[in-house]
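Beneath this line is the structure, given in structure tokens, with notes to follow.
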Amino acid sequence: MKLASYKDGSRDGQLVVVSRDLSQAHYATGIASRLQQVLDDWSYMAPQLQDLYHQLNSGKAPHAFGFDPRQCMAPLPRAYQWADGSAYINHVELVRQARGAEVPANFYTDPLMYQGGSDDFLGPCDDVCVPSEAMGIDFEAEIAVITDDVGMGASPEQALDGIRLVMLANDVSLRNLIPGELSKGFGFFQSKPATAFSPVAVTLDELGDAWKRGRLHLTLQSSWNGRKVGMCDAGEEMTFHFGQLIAHICKTRNVRAGSIVGSGTVSNRGVESGKGRNKRLEWPKGYSCIAEKRCIETIQDGESKTDFMRFGDTIRIEMKGKDGQSIFGAIDQNIAGPEQ
């Protein structure tokens with residue numbers, strides 16, 4: 001099934017069930033008013049929502065209405081936890097290579113993760129408001145999952161059983177603030193403003209055989225100012241699957257229902273083109289964040305040329321199934337200044 005949260009002036013919105021083709025929706029008020037309620041009592045409430053979903057898809061839901069992603073908050077508008085990983089080691093390799101540094105050996109065996117702000121997420125069509133262009137505004141196209149309870153010490157396989165919903169994320173980054181923060185030795189904070197999520201979150205059965213052992217084997221599309229810049233494969237090159245990311249958190253703590261875990265920037269390796277002196281690496285699938293594009297330029301030509309985002313820019317992030325239909329709806333945002 002597909003679930004969304006509609007804006008109603010409250011902090012948590014109203015839970016709606018959305019049809020498979022994203023054309024119709026129905027309030028879930030008779031079952032649950034908020035997504036967190038469902039996550040807290042999944043085994044009881046999910047089957048009821050599934051019944052409503054079947055009615056909606058068959059045209060038998062009596063109070064259905066046209067679905068409008070512009071009315072959506074994040075599917076889970078605020079969460080108990082937002083932990084974002086760096087599951088695509090190629091992204092780390094590019095950043096390190098561009099500055100002439102080696103990737104530490106333990107990066108290949110132990111996931112990188114940071115804990116972001118979870119009290120103020122953005123809806124899929126909400127503006128990204130930033131105080132200044134000088135902060136280095138960047139998008140990051142990612143996959144994210146919402147969990148049930150997962151106990152401390154859970155194995156990656158056990159952690160996979162705790163995944164309830166999947167969605168897309170734009171983990172906005174302020175690149176020019178990152179070096180100063182990391183130099184303090186304590187990680188991201190001001191450099192990671194509010195994250196946006198796709199209009200709907202979907203259960204694993206909606207993904208069919210594209211979901212394999214914690215990886216989503218589909219193409220993540222990113223369009224910056226209307227130009228498609230990323231067509232990245234989210235599956236094959238995901239170094240750490242979602243079960244491993246969740247188990248990494250569970251090493252020392254419980255993960256509670258309503259936690260969101262992100263994949264980090266979806267990233268694909270370069271391929272060699274040309275021969276002899278003309279041989280060089282190319283990235284035909286593009287990029288899922290501007291920082292990666294700048295690293296690619298540095299590796300290819302010795303310097304970066306692409307600027308970060310400006311006020312008035314747009315970013316669209318979407319994933320389509322094998323039938324060509326949008327699965328999660330699109331994150332479609334404008335970059336705005338403090339007075340816009």
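Remark: the E303-L281 segment gains 6.4 nm on full extension, using 0.36 nm per residue and subtracting the alpha carbon distance. Note on exposure: E140, E272 ranked by accessible area (1.4 Å probe, complete protein assembly) read E272, E140, with the most exposed listed first. Projecting the alpha carbon convex hull of segment 37-100 along each direction and taking the average yields 8.1 nm².
Charge dipole (Cα centre; +1 on Lys/Arg Cβ, -1 on Asp/Glu Cβ; no other charges) of segment 179-329 amounts to roughly 280 debye. Using the Cβ-Cβ distance between F65 and Q190 with R0 = 51 Å, the FRET efficiency computed as 1/(1 + (r/R0)^6) comes to roughly 0.80. Taking the 1.4 Å solvent-accessible surface of the chain as the whole, the part contributed by carbon and sulfur is 47%.
Rounded to 0.05, the FRET efficiency of the V271 and K228 pair, given R0 = 22 Å and the Cβ-Cβ distance, is 0.75. Other residues within the sphere of radius under 15 Å centred on the Cβ of N268, judged by their own Cβ, net out at -4 (K and R +1, D and E -1). In this structure the amide hydrogen of C232, modeled in the peptide plane, comes within under 5 Å of the amide hydrogens of L220, S222, none closer than 5 places in sequence on its chain.
Structure remark: mean-square fluctuation, Gaussian network model of the chain, C-alpha springs under 10 Å; the largest value among G59, G270, G230 belongs to G59. The value for segment 212-278 of Rg(Cα) / (2.2 N^0.38 Å) is 1.53.
Taken one residue at a time, the phi angles of segment 49-64 give Karplus couplings (6.51, -1.76, 1.60, θ = phi - 60°) of 5, 4, 4, 5, 4, 4, 4, 4, 5, 8, x, 10, 7, x, 10, 5 Hz. Gly and Pro are set to x. Toward the positive end of the charge dipole of the chain, with +1 on the Cβ of Lys and Arg and -1 on the Cβ of Asp and Glu, the farthest Cα among W211, C250, Q36 is that of W211. Test of understanding: in a Gaussian network model of the chain with alpha carbons linked when under 10 Å, which of Y27, Y114, Y287 would top the mean-square fluctuation ranking? Comparing Y27, Y114, Y287 in the GNM, the peak value goes to Y114. Ignoring aspartates and glutamates fewer than eight residues from K320 along the same chain, the ones with Cα atoms less than 13 angstrom from its Cα are D21, E206, D233.
Put H63, H54 in order of accessible area, highest first, and with a 1.4 Å probe you get H63, H54.
Filter the trypsin sites (Lys or Arg not before Pro) in segment 224-267 down to the DSSP loop ones having no more than 13 other Cβ atoms within 10 Å, then list what survives.
Hits after loop and neighbour filter: K251, R253.
Ordered from highest to lowest accessible area with the whole protein assembly present and a 1.4 Å probe, Y80, Y6 read as Y80, Y6.
Based on DSSP H segments of at least four residues, each scored -39500 (n - 2.57), the chain has a per-residue ellipticity at 222 nm of -5000 deg cm²/dmol.
Counting only heavy atoms of the protein chains, get the accessible area per residue of segment 60-124 (1.4 Å probe) and round it to a whole Å² value.
50
How much of the pair distance distribution for segment 146-268 lies past 19 Å, counting alpha-carbon pairs only, in percent? The share of Cα pairs beyond 19 Å in segment 146-268 comes to 56 percent. Modelled spin labels at D51 and S10, positioned 7 Å past Cα toward Cβ, are 2.3 nm from each other. Cross-link pairs exceeding 29 Å in C-alpha to C-alpha distance, out of K228/K305; K192/K293; K192/K279; K279/K305, comprise K192/K279.
With θ taken as phi - 60° and the Karplus curve 6.51 cos²θ - 1.76 cosθ + 1.60 applied, the whole-hertz 3J(HN,Hα) list for segment 230-239 is x, 10, 8, 6, 7, x, 4, 9, 7, 5 Hz, x standing for glycine and proline.
The dipole here belongs to the chain: it is taken about the Cα centre, uses +1 on the Cβ of Lys and Arg and -1 on the Cβ of Asp and Glu, and is about 580 debye.
Entry for segment 195-340 at q = 0.09 Å⁻¹: log10 I(q)/I(0) = -0.37, Debye formula applied to identical alpha-carbon scatterers, no solvent contribution.
If I take all pairs of Cα atoms in the chain, what percentage of them are more than 26 Å from each other? So the pairs more than 26 Å apart make up 47 percent of the total in the chain. Each residue of segment 80-96 is assigned a 3J(HN,Hα), and the resulting list reads 5, 7, 10, 10, 10, x, 10, 7, 9, 5, 4, 4, 5, 4, 4, 4, 5 Hz, derived from the Karplus form 6.51 cos²θ - 1.76 cosθ + 1.60 (θ = phi - 60°), x at Gly and Pro.
The values are calculated or read from the model by the stated rules, or taken from the named source; none is laboratory data. Just so we're clear, the structure is a prediction, and the values are computed from it rather than from any experiment. Ideal geometry is used to build each Cβ from the backbone, glycine not excepted, and the neighbour counts take in all protein chains shown. We work out accessible area using only protein heavy atoms, side chains counted, and drop any ligands, DNA or RNA first. Shrake-Rupley method; radii C 1.70, N 1.55, O 1.52, S 1.80 Å.
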